[in-house]
Amino acid sequence: MKLPIFCPSCESSLNVSQMKCNHCDTTVNGNYDLPLYLKLGRDEQDFILAFFLSSGSIKEMAKQAELSYPTMRNKMDDLIEKIKQLKTL
């Protein structure tokens, strides 16, 4: 199941309010921001993971995805811009 990151009613960002240990049933309550990585969509998270697993090689990622290097570079630039915007929120 995918973690919801936006309110289904007003589309505002959601925060974490409760976490529970499945081992001992301890519950922690509060109002915590989601980590930036979890504020990204599943495709964007997968892109970052693929970048990491390719040792940071955009050329290798492009080869594996059967895309041109400029196309993959544009995807990377778009993701970088989105992360910059999320960091300022």
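Read-outs throughout are calculated quantities, based only on the coordinates presented, and are distinct from any laboratory measurement. As the structure is a prediction and not an experimental result, all values here were calculated from the model. No Cβ is skipped: glycine too gets one built from the backbone with ideal geometry, and neighbour counts run over all protein chains shown.
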Condition met for Leu53 (surrounded by 12 or more Cβ atoms within 10 Å (Cβ to Cβ), over 17 Å from Met76 (Cα atoms) and out of contact with any His (no Cβ under 8 Å at 6 or more places or on another chain)): no
Failed item in (1) of a type outside the set (Val, Ile, Thr); (2) under 17 Å from the mean Cα position of the chain (by Cα); (3) closer than 26 Å to Pro4 by Cβ, with Met76 passing the rest: (3)
Checking Ala50 against (1) assigned to a helix (DSSP H, G or I); (2) of a type in the set (A, V, I, L, M, F, W, C); (3) touching a helix residue (DSSP H, G or I) at 6+ places or on another chain (Cβ under 9 Å); (4) free of Cβ contacts under 8 Å to residues at least 12 places away in the same chain, the condition it does not meet: (4)
Considering residues of segment 32-43 that are in a helix (DSSP H, G or I) and out of contact with any helix residue (DSSP H, G or I) (no Cβ under 6 Å at 6 or more places or on another chain) only, the residue farthest from Asp78 (Cα to Cα): Leu38
Among (1) more than 16 Å from Leu89 (Cβ to Cβ); (2) not in a loop (DSSP other than H, G, I, E, B), the one test that Lys2 misses: (2)
Criterion violated by Leu89 - all others in (1) loosely packed, with under 12 Cβ neighbours inside 10 Å; (2) in contact (Cβ under 8 Å) with a residue 40 or more places away in the chain; (3) touching a strand residue (DSSP E or B) at 6+ places or on another chain (Cβ under 7 Å) satisfied: (3)
